[in-house]
Amino acid sequence: MTQEADERLRIKDAQRDPARFGELYEANFARVYAYIARRVGGRPQAEDLTADVFREALASLGDFEWRGAPFVAWLLRIASRAVADYYRRSGRESGNPSAGPERHDPHEIERHMILFQLVDRLPDAQAQVVRLRFVEQKSIREIAGLLGRSEGAVKQLQLRAIENLRAQLEDAHA
């Protein structure tokens, strides 16, 4: 059974029986925690936000639809919103909208959120390559193997995706 088929099966099992969500949690916890920890800096905040992400994922699992991207990409979208909300809340509580660790510029967080939204608008194959390459940090060779395509085809999809994202960003700023 392929990794993708195995993951799809685990998702369907968890959608039928929420007690099976633990398998998805175990498989994805480290990546989600690392993503959040790099953005918020503090361990307690990262632990709380990671728990929030998995709580939201469990609550929304019935609405999850497989679109070819790894399950972790969906979790990381939830995590990016949780991080952005964390900085919005910390800004309101301190009375300073730019509060938070200095290396975490709220404008940078917003740019990442916009980028995630733009990736969702890409054709499915391009979006999948972007998520695998830049979210999961897989090599071109690994992606080619996962998608059953040549390395050249993956590079072409990546190039087209980047060009599409660049055009969308230029349109957004025009």
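Mind listing whichever residues of region 134-150 are more than 18 Å from Thr2 (Cβ to Cβ) and of a type outside the set (S, T, N, Q)?
Selection gives Phe134, Val135, Ile140.
Return yes or no: is Ala5 exposed (fewer than 12 other Cβ atoms within 10 Å of the Cβ) and over 19 Å from Arg77 (Cβ atoms)?
yes
With modelled with pLDDT of 90 or more and not polar (S, T, N, Q) as the only criterion, which of Val40, Val83, Val72 stands out?
Val83
Would you confirm whether any residue within region 152-169 is at pLDDT 85 or above, at negative phi, of a type outside the set (Asp, Glu) and outside any helix (DSSP H, G or I)?
no
Run Ala14 past the list (1) at pLDDT below 90; (2) buried (at least 17 other Cβ atoms within 10 Å of the Cβ); (3) over 23 Å from Gln117 (Cα atoms) and report the number of the one that doesn't hold.
It is condition (1) that Ala14 fails.
Output yes when any residue across region 93-106 is charged (D, E, K, R), assigned by TED's automatic domain parsing to the domain that holds Glu23 and modelled with pLDDT of 85 or more, and no when none is.
No, because not a single residue in region 93-106 is charged (D, E, K, R), assigned by TED's automatic domain parsing to the domain that holds Glu23 and modelled with pLDDT of 85 or more.
In region 126-148, what count of residues is obtained for those that are over 16 Å from the mean Cα position of the chain (by Cα), surrounded by 12 or more Cβ atoms within 10 Å (Cβ to Cβ) and within 19 Å of Trp66 (Cβ to Cβ)?
3
The values are calculated or read from the model by the stated rules, or taken from the named source; none is laboratory data. All values reported here derive from a predicted model rather than from experimental measurement. Reconstructed Cβ throughout: ideal geometry from the backbone, glycine too, with neighbour counts over all protein chains shown.
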